[in-house]
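Worksheet for the structure shown next.
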Amino acid sequence: MFISCRTVKQGGIRLGLTVSKKMGNAVARNRIKRVVREYFRLHQYDFELPLDIIVIPKRNLEAKQLTLALATEEFTPLLSRIKAEAATL
């Protein structure tokens with residue numbers, strides 16, 4: 001995951017998402033994208049920081065096992081850490 005702060009004072013998160021063909025067929029890739037987008041849709045107002053986030057899933061991710069609960073488990077600690085670091089700036 002790559003994260004950068006925008007200088008423009010627009011709040012919220014912008015999401016960039018790319019899923020390689022190595023992740024599986026179109027159904028698997030679209031499932032990964034749907035779950036990640038849904039997580040960020042539900043949590044987009046948790047951050048007032050103008051963040052640009054680019055997500056590139058790992059190759060060993062199984063699309064069939066990816067759920068919103070798993071995405072929440074993985075992304076929430078990362079985004080909380082980013083929020084804490086940005087508060088100290």
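The values are calculated or read from the model by the stated rules, or taken from the named source; none is laboratory data. Owing to the predicted nature of the structure, the values given are computational and were not obtained by experimental measurement. Note: ideal-geometry Cβ built from the backbone for every residue, glycine included; neighbour counts use all protein chains shown. Accessible surface areas use protein heavy atoms only, side chains included; no ligands, DNA or RNA. Shrake-Rupley method; radii C 1.70, N 1.55, O 1.52, S 1.80 Å.
Criterion first (closer than 15 Å to Lys64 by Cβ and either in a helix (DSSP H, G or I) or modelled with pLDDT of 85 or more (or both)) does Arg41 satisfy it?
On the way: closer than 15 Å to Lys64 by Cβ: no; either in a helix (DSSP H, G or I) or modelled with pLDDT of 85 or more (or both): yes.
Taking the combined requirement at face value, the residue does not satisfy it.
Can you tell me how many residues within region 52-68 are part of a strand (DSSP E or B) and either hydrophobic (A, V, I, L, M, F, W, C) or at positive phi (or both)?
Number satisfying all stated conditions: 3.
So, in region 28-41, how many residues would count as being open to solvent by 40 Å² or more (accessible area, probe 1.4 Å) and either touching a residue at least 12 places away in the same chain (Cβ under 8 Å) or among the aromatic types (Phe, Trp, Tyr) (or both)?
Counting residues in region 28-41 that are open to solvent by 40 Å² or more (accessible area, probe 1.4 Å) and either touching a residue at least 12 places away in the same chain (Cβ under 8 Å) or among the aromatic types (Phe, Trp, Tyr) (or both) gives 5.
Checking Leu49 against (1) part of a helix (DSSP H, G or I); (2) open to solvent by less than 70 Å² (accessible area, probe 1.4 Å); (3) at pLDDT below 85, which test does it fail?
(1)
Which of the residues that make up region 69-85 are within 25 Å of Gly24 (Cα to Cα) and either open to solvent by 60 Å² or more (accessible area, probe 1.4 Å) or of a type in the set (Ser, Thr, Tyr) (or both)?
Selection gives Ala69, Thr72, Glu73, Glu74.
What is the residue count in region 45-67 for residues that are in contact (Cβ under 8 Å) with a residue 12 or more places away in the chain, within 20 Å of Ser20 (Cα to Cα) and in contact with a helix residue (DSSP H, G or I) (Cβ under 9 Å, 6 or more places away or on another chain)?
Looking only at that region, the number is 9.
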